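One structure is given below, encoded as structure tokens.
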Amino acid sequence: MLKRFFILCSGADADILADSSDGEQNKYAGIGATVFFTAVMAFIAASYALYTVFDTYFTAIFFGLIWGLLIFNLDRFIVSTIKKKDNFMDELLQASPRIILAIIIAVVISKPLELKIFEKEIDRVLLEQKNDFTLANKEQIATQYTPAIAAIDSEINTLKQEVTTKETEVNDLYETYIAEAEGRKGTEIIGKGPVYKEKREKHDAALAALAELKKANAEKITALEIQKTELTAEYDNQVTTSQPIIDNFDGLMARVNALNELPWLPSFFIFLLFLAIETSPIFAKLFSPKGEYDFKLEDVEGEIKTWVAQKEDQRKVLLETDHTINDRVYGDLSEEEELYAYKKKIAREMMKKQQDAFYKKQTGIL
């Protein structure tokens, strides 16, 4: 049962193989098994690759099965259409397009399995890339908000500096009128005289102005701090919103690019493995000598070609004979007086009718 199934997979004629030796049947069963298991590997590889795209098992298995059947059909077609010839170079030339197709199929099949085999290494590369993307994203978003926040900080510092300068001025005025009262500076007369009062009034006015300045600048600083908090919240919100996009940066293309960042030699050997699997049925037929099945198949095809050629020749002879007979028949008819008189009578009647119709038409015109 299994042997018949693998022979079916090889694309060979089961009726011809049934009359062949066991060795010949085993050879084509082995070729069919290679075709079948290559399709199974294609199904697994495609299912995993599609799972990384759609993230659902049902969809991945469904389209993976379609891909596996497609690869099975292609491989079966490739193997079944290679015909054994007496010259190896002719066979190789005949198989060259199929070998190129097999290489393409091997690349397509091996790549998803490489992604699965090197999954941990790829995850490490993707993690590093995600961290770099996160830092770059924060820096890019910060360029939109940093100038505005820096301008607010500069304005706040200016307002605070105004208060500090005013406080220094008030303290200096305080020291001036105290020194006047103690006689250490100014008039150097101890006591609270007119000069003292003048300096005291100047200090009190500056102190009142300082209080108003502190109140006004405090309100401005509070408003600027609120504005700065809002900008910081917007920045954090944009970073938070864009982070899931970076976290989901693990699709099929991202994993393929990450795989290319790894050493190429292991991936290359895996590709060679699948290339060997994919091309093994082709080279098995190329390197194997002509067997019993090949001779029988050639005999059946030759018999059909001969039969088709015979029918074509018979049709040609039949057509030529028919032309010859027709020439003789019409030649004999052309010499019969009865047929001549009949056609002459018909022609005379036809000419009369034409002449009558012409007369009526001309009379109507006049």
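Residues that are assigned to a helix (DSSP H, G or I) and touching a Leu at 6+ places or on another chain (Cβ under 7 Å) do not occur anywhere in segment 126-140.
Filtering Ala46, Ala102, Ala60 for residues that are aliphatic (A, V, I, L, M) and either under 25 Å from Leu262 (Cα atoms) or not assigned by TED's automatic domain parsing to the domain that holds Leu273 (or both) leaves a single hit, Ala46.
What number of residues within segment 299-317 are touching a residue at least 60 places away in the same chain (Cβ under 8 Å) and either more than 20 Å from Ser10 (Cα to Cα) or of a type outside the set (A, V, I, L, M, F, W, C) (or both)?
To start, the set of residues in segment 299-317 that are touching a residue at least 60 places away in the same chain (Cβ under 8 Å) comprises 300.
The next check asks that each one be either more than 20 Å from Ser10 (Cα to Cα) or of a type outside the set (A, V, I, L, M, F, W, C) (or both); those that pass are none.
Of the residues in segment 299-317, 0 are touching a residue at least 60 places away in the same chain (Cβ under 8 Å) and either more than 20 Å from Ser10 (Cα to Cα) or of a type outside the set (A, V, I, L, M, F, W, C) (or both).
Asp55 - would you say it is more than 21 Å from Asp250 (Cα to Cα), loosely packed, with under 15 Cβ neighbours inside 10 Å and of a type in the set (Asp, Glu)? Taking the combined requirement at face value, the residue does not satisfy it. Keeping to segment 250-272, report how many residues are in contact with a helix residue (DSSP H, G or I) (Cβ under 6 Å, 6 or more places away or on another chain) and β-branched (Val, Ile, Thr). Total meeting the criteria: 1. For segment 128-143, the candidate set comprises residues that are in contact (Cβ under 8 Å) with a residue 12 or more places away in the chain and among the polar types (S, T, N, Q); within that set, the residue that is nearest to Thr232 (Cα to Cα) is Asn137. Scanning segment 185-226 for residues that are among the charged types (D, E, K, R) and either outside the structural domain of Thr164 (by TED's automatic domain parsing) or at pLDDT below 80 (or both) yields a count of 9.
The values are calculated or read from the model by the stated rules, or taken from the named source; none is laboratory data. Remember, it's a predicted structure, so these values are computed and weren't measured experimentally. Positions of Cβ are backbone-derived with ideal geometry, glycine not excepted, and every protein chain shown enters the neighbour counts.
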